[in-house]
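I have placed the structure first, in the form of structure tokens, so that the comments after it can refer back to it.
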Amino acid sequence: MMILKIFDKVRQIWALNRLGMGLHQPSIRYWETNSMNGLIQIRQGREIWRRIFWTILWVAGTMATLFSVYETCQEFFSYPVITSTEVENSHAVDFPSLGICNLNQVDCSNLALDIEAPEHNTIMVDKLCRLFLLGQCQYSYVMNFAPGQSALPQPCKAIEEDFLQSNRSLTSTKHQFTDLFLTLPLDVRLRIGHGNLDKHILSCRINNEECDQSYFTVTNQFQYGNCFMFNWNGIVRVDQPGPDFGLTIDLFTESTSYLLGGLSPSVGYRVAIKKPFYPILPLEEGFFVRPGTELSVGLSRGRITRKESPYPSNCRSKWLEDAGTMERDMFNEQDIEFLNRTQVQYSQTACRRSCLFKMSFKTCRCFFSAWNDRGDLVMEPGTSFCSLGNQTQMECIANSLKNLNVDELCANCRLSCSNLDYAEDFSSANFPSDQFWFPYVQNFLPRWMDNYNIKIDGAQSSQEKQWIRDEFQSLVQKEVLRLHVYFKNFQMISINEEAKVTERQFINNLGGSLSLWLGISFVTLLELVEWWADLLLASFRKKDK
């Protein structure tokens with residue numbers, strides 16, 4: 001009876017209130033008609049002890065429900081994930097893209113020819129001649145001269161004496177050469193690099209078919225000069241695993257046109273394997289292939305799929321997905337045009353390089369070339385690359401890395417939402433062998449003999465012919481390499497992040513929390529919504545009066 005008296009007293013107070021006079025009727029109706037189990041027992045209980053008992057249970061159930069709802073919401077809005085692994089099998093797969101870069105930055109033969117190009121002005125000729133002399137190209141096999149014999153182009157003779165008298169360390173020579181190289185326009189850098197596909201790609205087969213120059217594009221990077229990009233646009237699909245259906249490419253290094261003076265300490269190629277349309281960064285992601293070797297690279301595929309924000313991985317799937325600070329700081333109109341034109345896909349490594357590249361200008365007022373992955377970059381007016389020989393600029397770059405929080409600065413360079421990576425297994429053998437080299441090169445022999453001014457005719461003695469043969473064999477075995485890239489199998493291991501609690505599961509869990517302690521159902525919630533609507537309408541009617 002005490003509960004009823006308290007309730008009646010509240011009703012009287014509510015009725016006396018001017019606003020409550022218009023609102024108590026919906027409240028009374030809700031109290032008398034709601035279907036919540038605990039309130040029904042309180043409302044219909046005849047004995048006082050029953051009402052007290054159910055009131056205590058209802059209060060306890062309400063507290064338990066609120067706590068359970070809190071935990072359910074907390075779990076959902078922390079966005080937990082679970083990881084699943086599955087193995088996929090395919091009948092045919094897309095072949096990866098390869099970046100194939102000669103370890104020599106500038107081809108001395110091409111540089112010598114370009115110095116004589118009529119379209120160059122005096123400043124450009126002077127730059128090219130300085131590159132020629134810094135690389136000691138006049139002492140290589142340039143333009144069919146014997147090794148050690150000078151092959152200096154005529155325009156360069158005016159500055160030859162100054163270079164011969166200058167004492168430079170190897171480090172100083174490298175810095176000067178790189179600084180000069182970076183000031184050249186892209187078309188000039190492409191011409192003076194190893195860009196002749198006919199000369200460097202001796203043979204190419206993919207999926208048991210010949211692959212011609214249409215499979216390749218040429219790009220330029222400051223670390224390695226020209227790089228051949230195979231299958232950049234993803235046009236190749238292979239039908240079977242194994243070496244016979246993969247890529248077999250024979251490459252010619254042409255080391256006789258390499259830079260001398262320590263500028264090209266290694267001979268061979270740098271190769272990087274990546275999914276088509278993704279940035280190929282040979283410096284970070286590549287491996288070396290040396291001449292005189294047949295290298296087999298067996299690939300197996302693995303894919304990681306992550307969840308975007310608000311999940312903890314906080315990955316990103318596109319370069320320009322945010323219209324925020326990162327895009328304003330990192331990308332100008334030229335960058336955006338490049339991304340749209342080339343369809344380059346997002347990569348965290350490339351993103352961090354771009355971020356650091358722009359950071360170097362903000363802090364040191366010059367762009368650090370080591371972080372540039374754009375061979376076609378056109379410098380804006382008033383900007384320049386940092387000079388490797390400038391101690392102040394190099395100290396500024398070093399201090400920037402020490403003092404700046406790169407992870408915070410490049411925070412938007414998040415993990416990619418989908419990574420398709422290739423695990424690589426290597427095996428190698430000598431190539432071509434002493435028994436195989438001559439039959440192998442018969443198809444290329446006429447072209448090579450012309451390039452190296454080698455003549456074998458009846459006027460020569462058998463001893464002279466044997467000497468030429470031995471020299472040529474040594475040359476071939478020092479210059480040629482074969483590269484096999486193939487899939488070991490067509491299986492792909494996929495690691496996928498999935499939401500631990502989906503929206504549907506969250507609603508189900510929330511419904512379970514509400515119904516477990518108080519028996520609240522969807523209909524009960526509608527009754528509550530109806531009561532609130534009635535109160536709102538009654539309040540507006542009272543105000544109108």
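The values are calculated or read from the model by the stated rules, or taken from the named source; none is laboratory data. Model, not experiment: these values are computed from the prediction. Cβ sites come from the backbone with ideal geometry, for glycine too, and all protein chains shown count toward neighbours. For the accessible areas, the whole protein counts, side chains as well, though only heavy atoms, and no ligand, DNA or RNA atoms are used. Shrake-Rupley method; radii C 1.70, N 1.55, O 1.52, S 1.80 Å.
Scan region 73-115 for residues that are surrounded by 15 or more Cβ atoms within 10 Å (Cβ to Cβ), small (Gly, Ala, Ser) and in contact with a strand residue (DSSP E or B) (Cβ under 9 Å, 6 or more places away or on another chain) and report the count.
Number of matching residues: 2.
Exactly one of (1) modelled with pLDDT under 85; (2) closer than 23 Å to residue 283 by Cα is unmet by residue 165. Its number?
(2)
Would a scan of region 198-219 turn up a residue that is crowded, with 19+ Cβ neighbours inside 10 Å, assigned to a loop (DSSP other than H, G, I, E, B) and touching a residue at least 60 places away in the same chain (Cβ under 8 Å)?
No - not one qualifying residue is present in region 198-219.
Name the single residue that is farthest from the chain's Cα centre (by Cα) among those in region 60-72 being of a type outside the set (Ser, Thr, Tyr) and open to solvent by 40 Å² or more (accessible area, probe 1.4 Å). Break it down stepwise before answering.
Kept after step one, since they are of a type outside the set (Ser, Thr, Tyr), are these residues of region 60-72: 60-61, 63-64, 66-67, 69, 71.
Going one step further and asking which of them are open to solvent by 40 Å² or more (accessible area, probe 1.4 Å), we end up with 60, 63, 66-67, 71.
Values: 60: 55, 63: 51, 66: 46, 67: 45, 71: 39 Å.
This residue is 60.
For region 319-403, give me every one of the helices (runs of 4 or more DSSP H) that falls completely inside it and has 3 or more residues that are among the hydrophobic types (A, V, I, L, M, F, W, C) and modelled with pLDDT of 80 or more.
Filter on region 319-403 gives 348-364, 391-403.
Any residue in region 391-418 that is more than 25 Å from residue 304 (Cβ to Cβ) and of a type in the set (Val, Ile, Thr) sitting within a Cβ distance under 7 Å of a residue that is part of a helix (DSSP H, G or I) and open to solvent by less than 30 Å² (accessible area, probe 1.4 Å)? List the pairs, counting only those 6 or more apart or interchain.
These pairs meet every condition: 397/360; 397/364.
Given the conditions (1) modelled with pLDDT of 85 or more; (2) within 30 Å of the chain's Cα centre (by Cα); (3) within 23 Å of residue 269 (Cβ to Cβ), report the number of the one that residue 179 does not fulfil.
(3)
Got at least one residue in region 491-503 being more than 46 Å from the chain's Cα centre (by Cα) and either modelled with pLDDT under 90 or surrounded by 16 or more Cβ atoms within 10 Å (Cβ to Cβ) (or both)?
Taking every residue of region 491-503 in turn, none turns out to be more than 46 Å from the chain's Cα centre (by Cα) and either modelled with pLDDT under 90 or surrounded by 16 or more Cβ atoms within 10 Å (Cβ to Cβ) (or both).
Hey, any hits in region 476-486 for a residue that's within 30 Å of residue 305 (Cβ to Cβ), of a type in the set (A, V, I, L, M, F, W, C) and at pLDDT 75 or above?
yes
Assuming residue 176 fulfils every condition listed in (1) touching a Ser or Thr at 6+ places or on another chain (Cβ under 8 Å); (2) touching a residue at least 60 places away in the same chain (Cβ under 8 Å) apart from one, which condition is it?
The single condition residue 176 does not satisfy is (1).
For residues that are closer than 19 Å to residue 295 by Cα and surrounded by fewer than 14 Cβ atoms within 10 Å (Cβ to Cβ), tally how many sit in region 387-423.
Number of matching residues: 1.
Could you give me the residue pairs with C-beta distances under 8 Å whose first residue belongs to region 425-448 and is more than 30 Å from residue 488 (Cα to Cα), whose second residue is assigned to a loop (DSSP other than H, G, I, E, B) and at pLDDT below 80 wherever it lies, and which are 6+ apart or on separate chains?
Final answer for the pair search is 448/454.
So, in region 278-301, exactly how many residues are assigned to a loop (DSSP other than H, G, I, E, B) and closer than 14 Å to residue 228 by Cα?
The total comes to 4.
How many residues are hydroxyl-bearing (Ser, Thr, Tyr), in a loop (DSSP other than H, G, I, E, B) and within 23 Å of residue 130 (Cβ to Cβ) when one looks only at region 222-270?
Of the residues in that region, 3 qualify.
All but one of (1) modelled with pLDDT of 90 or more; (2) among the aliphatic types (A, V, I, L, M); (3) under 22 Å from the mean Cα position of the chain (by Cα); (4) crowded, with 20+ Cβ neighbours inside 10 Å hold for residue 280; which doesn't?
All conditions pass for residue 280, except number (1).
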